[in-house]
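Working notes, structure below.
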Amino acid sequence: MLYSFYLFEGSFIQGGGGREFVEVSHDQADVMQAAARYVRDGNWIGGHDDTCEIRVYQHGEVAWEQPVYPLTTVKIPGFTEFRFDDQGRKLGGLPEPGSGYEHLSKLDLEGAVIPELVNKRPEEVQVTIDWDNLAWPQLEPPLLPQDACVLIDLARGTANRVGEGLDDEEFDEYIEELEEELDDDRRVVFYGLNDLL
């Protein structure tokens, strides 16, 4: 059976590896919180090709997707607002007069100062995402069960529940075998928050 659900994906490459955060839910609020958390954690700082988007799967296929950055504003103390263009490139975020950061190079700001501010004082980072203008499609039943495991195929734009009906031991073995066969376009995720390396 093919199910419907919302998905947030935030992912980036750093050095020789990468990190991915995926929230799978049939509750828009869960997906919105995951997106705000990803931005607040500063995963976009210093990066240029990270993914930050919402997808809606209807009956196992992508029916709608929306990049989050163009809807986002970030305010970090001592800097003007950060905004993003349609390609996710940063705009603004300049040191404010009297902040003490005006003399630093862009490399120092993005490589050390801003990440340190975000890591040491995350409660001061203000993230605003304009959700009001999004035309979220309502999910069409059947909805993905909360104990589900899903194989996402980005190249095909599909998502299929896997391991349904297996006992715990069979399920673990099946998922382990499946993960060994995955390529860069496919990943196995569970309902809820997934933190993938």
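The values are calculated or read from the model by the stated rules, or taken from the named source; none is laboratory data. This one's a predicted model, so the numbers in the text were calculated from it and none came from an experiment. A quick note on method: Cβ atoms are made from the backbone with ideal geometry, for glycine too, and the neighbour counts reach across all protein chains shown. SASA here: full protein model, heavy atoms, side chains in, ligands and nucleic acids out. Shrake-Rupley method; radii C 1.70, N 1.55, O 1.52, S 1.80 Å.
Given (i) 1.03; (ii) 0.93; (iii) 1.18, which label gives Rg/Rh (Cα atoms, Kirkwood Rh) as computed from the coordinates? It is the value labelled (i). Of PHE84, PHE171, PHE12, the residue with the greatest mean-square motion in the GNM of the chain, using alpha carbon springs below 10 Å, is PHE171. Angle of helix 168-180 to the longest C-alpha principal axis of the chain, folded into 0 to 90 degrees and rounded to 10: 60°. Partner aspartates and glutamates whose Cα lies under 20 Å from the Cα of LYS106, excluding those fewer than 8 positions away in the same chain, are identified as ASP41, ASP49, ASP50, GLU81, ASP85, GLU96, GLU116.
With the other protein chains left in place, how much accessible area per residue, in square angstrom, belongs to the chain at a 1.4 angstrom probe? Kindly include the intermediate steps, with their values, before the conclusion.
On the way: 11010 Å² over 197 residues.
On a per-residue basis, 56 Å².
Computed from Cα atoms, the angle from the helix 28-40 axis to the main principal axis of the chain rounds to 40 degrees. Accessible surface for LEU154 stands near 60 Å², nearest 10, in the context of the full protein assembly shown (1.4 Å probe). Inter-part distance, segment 132-197 to segment 32-68, computed on C-alpha centroids, equals 16 Å. The ALA155 and LYS75 beta-carbon pair, evaluated with R₀ = 45 Å, returns a calculated FRET efficiency of approximately 0.75.
Of all accessible surface on the chain at a 1.4 Å probe, what whole percent is carbon and sulfur? Could the numbers behind the result be given before it?
Values: 5080 of 11010 Å².
Carbon and sulfur together cover 46 percent of it.
For the pair GLU65 and ARG121, what calculated FRET efficiency results from E = 1/(1 + (r/R0)^6), where r is the Cβ-Cβ distance and R0 = 41 Å, to the nearest 0.05? Display every interim value, and only then the final one.
Details: r = 33 Å, r/R0 = 0.79.
So, using R0 = 41 Å, E works out to roughly 0.80.
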